[in-house]
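Report on the following structure.
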Amino acid sequence: MEKKRKISIIGSTGSIGTQALEVIEKLDDKFEIIALAGGSNVELLKRQAEKFRPKYIYAAKEINVNGIETLASLDDIASNKENDIILVACSGKIGLKPTLKAIENGIDIALANKETLVMAGDIVMGKARENNVNIIPVDSEHCAIHQCIKDISQVDKLIITASGGPFLHKSVEEIKHATVKETLNHPRWNMGKKITVDSATLMNKGLEIIEAHHLFGFDYDDIEVVVHPQSIVHSAIEYVDGSVIAQIGLPSMHIPIQYAITYPERFEGIKSKSFSFSEIARLDFEKPDFEKFPCLKLAYNAGKLGGTATACLNAANEEAVFAFLDGKIKIYQIYETVKKMLDEHVSVNNPSIEEIFEVDADVRIKTRKYISGLD
């Protein structure tokens, strides 16, 4: 980079946001932070602001840091054309509108918010093309695919890897009675609670399939999921001639975060050690068990149906996961709840943003009502 890249982080207090700041601290001569935005963790956001001294801050609660202007909304960040790139690292539907606003203002996006593409992928990617905006994925799987592709017209298939989560080698009966603590005990990745539950049900992989469909324009039948417990191969692509190109590396979110915010350049950043094939010793792969992890099939089906079906899937799953974390339902009831909502949903084709948010709100109400009636 000939000059510092100006960046804002929406969701700086979350798992991705805090790791992004660690990357930026390591590459402090490469970046200038324009704004930091957090949710309810005001104390952490204050500490971040005092350390990194952005021009602006935003929080869901009242916040004040000497010498730093407090903004009224996330749109204020997304509309600021000082930004070269905005890292959307928040979770939930709150990431969708500022992402669209930034795209409309011609600002590149490093995207770590699943809901943005799951809810409104056609709209978001269409707007990005219209405004000549780069959307660089932060998820390790999509980042891996992005790194592998040279000429997308010659790619025949996307191969997305999944760790299998904490229940890979558990029986259906064991999973049925799993506790919240057991569910959150992921063998490879340290993530937020919601995404960790999604990883345990493999819904997370289902959401990633939908994201990959929108990011790279592949049919769902050409996106394959492979279970890979070591999480060394982060994903791969198969070219029309049968050549398979994979991106591999130690399980660390610092690497895809850094790739996304420095793209197309690379720099030495945070890494625990150099990769060693001999230390890894073996790599295992297997097909996903759709009987044991039926949420993955639900996501495939919702993606193929299109329209507002994926918004319904996302909203119902999120509410069900929250209910599980609160001890209101068992983990197997996440699937039952999402399936019930999808079965009842009448999908709207080519929806507007307003229609998507209406579906989101309606499904959440119906999901909570359904859960309240469960034993």
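For this structure, a couple of remarks:
- For the range 210-297, the C-alpha radius of gyration sits at 1.28 times the compact-globule guess of 2.2 N^0.38 Å, with N the residue count.
- Springs join every pair of Cα atoms under 10 Å in this Gaussian network model of the chain, and among Ala281, Ala323, Ala72 the largest mean-square fluctuation is at Ala281.
- Averaging the sequence gap over all C-alpha pairs within less than 8 Å and six or more residues apart, then dividing by the number of residues, gives the chain a relative contact order of 15 percent.
- Bins of 20 Å, starting at 0 and running to the largest distance - Cα pair percent for the chain: 29, 61, 11, 0
- Pairs exceeding 31 Å between alpha-carbon atoms, taken from Lys26/Lys193; Lys3/Lys93; Lys55/Lys328; Lys26/Lys127; Lys3/Lys157; Lys30/Lys181: Lys3/Lys93; Lys55/Lys328; Lys26/Lys127; Lys3/Lys157; Lys30/Lys181.
- Summarising the amide proton neighbourhood of Arg5: residues at separation of 5 or more, or on other chains, whose placed amide H is nearer than 5 Å comprise Phe31, Glu32.
- Candidates Asn131, Asn314, Asn349, ranked by Gaussian network fluctuation over the chain, Cα under 10 Å, top entry: Asn349
- Residue-averaged [θ]222 nm for the chain, counting only DSSP H segments that reach four residues, each worth -39500 (n - 2.57): -13500 deg cm²/dmol
- Overall Cα dimensions of the range 1-97, principal axis frame, Å, largest first: 36, 27, 24
- Along the range 233-246 the Karplus relation, 6.51 cos²θ - 1.76 cosθ + 1.60 evaluated at θ = phi - 60°, assigns HN-Hα couplings of 7, 8, 3, 8, 10, 10, 7, 4, 8, x, 5, 10, 10, 10 Hz to successive residues, with x for each Gly and Pro.
- For the range 248-258, 3J(HN,Hα) per residue [Karplus equation, 6.51 cos²θ - 1.76 cosθ + 1.60, θ = phi - 60°, Hz, x = Gly/Pro]: 10, x, 5, x, 8, 6, 4, 5, x, 4, 4
- Taking amide H positions as modeled 1.01 Å from N, with prolines and chain starts lacking one, the residues under 5 Å from Lys157 and 5 or more places away or on another chain are Glu238.
- The alpha-carbon of Lys297 sits under 14 angstrom from the alpha-carbons of these aspartates and glutamates, leaving out residues fewer than 8 places away in its chain: Asp198, Glu208, Asp221, Glu224, Asp289, Glu336, Asp343.
- Phi angles of the range 289-306 translate, via the Karplus equation with coefficients 6.51, -1.76, 1.60 and θ = phi - 60°, into HN-Hα couplings of 8, 5, 6, 6, 10, x, 4, 5, 5, 4, 5, 4, 5, 5, x, 5, 5, x Hz per residue; Gly and Pro are given as x.
- Seen from every direction in turn and averaged, the convex hull around the alpha carbons of the range 82-144 projects onto 3.9 nm².
- Distant alpha-carbon pairs in the range 306-375 (separation over 17 angstrom), percent: 35 percent
- For the chain, size of Cβ-based charge dipole, Lys and Arg +1, Asp and Glu -1, in debye: 920 debye
- The range 101-245: C-alpha gyration tensor shape, a/c 1.5 cut-off, then a/b vs b/c: oblate
- Above-threshold pairs, the threshold being 24 Å between Cα atoms, out of Lys205/Lys292; Lys176/Lys340; Lys4/Lys150; Lys61/Lys97: Lys4/Lys150
- Structural descriptor for the range 36-142: relative contact order 19 percent, calculated from alpha carbon pairs under 8 angstrom and at least 6 residues apart.
- Long-range HN-HN contacts of Ala162 with modeled amide H, under 5 Å: Val226, Val227, His228
- Bridge type composition, the chain - antiparallel percent by DSSP, nearest 5: 30 percent
Every number in this text was worked out from the coordinates using simple rules, so none of it is lab data. Nothing here was measured: the structure is a model prediction, and the numbers come from that model. Every residue, glycine as well, gets a Cβ built from its backbone with ideal geometry; the counts of neighbours run over all protein chains shown.
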